[in-house]
Amino acid sequence: MWFGWIVASNPLAGWWGKNKRNVIIAGVALVAIWWLVAANGRPKVERVTIPDGYPSADRELLVQADSKPNDPLPLVIILHDDNTDASSLEHDSGASSLANRRHFALAFPEAVAGTWRLDDPNGADQQYLRDVVRYMDEERTDIDLNRVYVWGIGEGARLALLAACSPGPPVYAAVGVVGQFEAEPGPTCDTVAPHGRVAETNWNKKVSSTLWDFSRDLRRKV
């Protein structure tokens, strides 16, 4: 009796009882529309080719970056292991969604025939990484060259550390190493580019978040 009297004396309660289902459906639809609009404004992962005029012209990589950021963006370069590829690591790492949330540019270089060449500190793959930084800054977006980070797994981790220890630009602000090794995968050069390490055999979203938390506030030292 009392319940019926409350409903009868409260038009809003009665209206809600009749329209609850429609209101919930409309709310879900509005959230979905908002999500789609927000997603459409985010940069997408693209496969690109280093253009003519670079020593590494015609080499491919995956990139993701806001083309017109309000402020220069940090750049994270992520290197896959041997016998895999950039697309697999981009998918598994969840780094692209992290980059959109945390506002940094992202590049996944691609090894030739799936194998990084580590025999020469000034060899073709080292030049390729230099060209990736230059390409991202000159052709794709505005990079904060004091906040360029290089992360890698397995042989990609060895290349990342080799790059950090090589003379000349770019000077990487930090190195992220992923993998389980019996010994350190090459030199560390911590006085120039501190390195963070995640002892995992697989790279997932948690690994990417851990490396970003380590890297994000570091800046090149020289």
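The values are calculated or read from the model by the stated rules, or taken from the named source; none is laboratory data. Please read these numbers as outputs of a predicted model, since none were measured by experiment. Note: ideal-geometry Cβ built from the backbone for every residue, glycine included; neighbour counts use all protein chains shown. We work out accessible area using only protein heavy atoms, side chains counted, and drop any ligands, DNA or RNA first. Shrake-Rupley method; radii C 1.70, N 1.55, O 1.52, S 1.80 Å.
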Considering only residues that are assigned to a loop (DSSP other than H, G, I, E, B) and modelled with pLDDT of 95 or more, which ones fall in segment 170-193? Y172, A173
Exactly one of A57, A39, A65 is open to solvent by less than 80 Å² (accessible area, probe 1.4 Å) and at pLDDT below 90, and that one is A39
Specify the residue that is farthest from V48 (Cα to Cα); the eligible residues are those in segment 147-169 that are part of a helix (DSSP H, G or I) and open to solvent by 20 Å² or more (accessible area, probe 1.4 Å). C165
Yes or no: D137 at pLDDT 95 or above, among the acidic types (D, E) and within 17 Å of A173 (Cβ to Cβ)? yes
Filter result for E155 (touching a strand residue (DSSP E or B) at 6+ places or on another chain (Cβ under 9 Å) and in contact (Cβ under 8 Å) with a residue 40 or more places away in the chain): yes
If we only count helices (runs of 4 or more DSSP H) wholly inside segment 56-146, which ones have 3 or more residues that are within 18 Å of K44 (Cα to Cα)? 86-93, 95-102
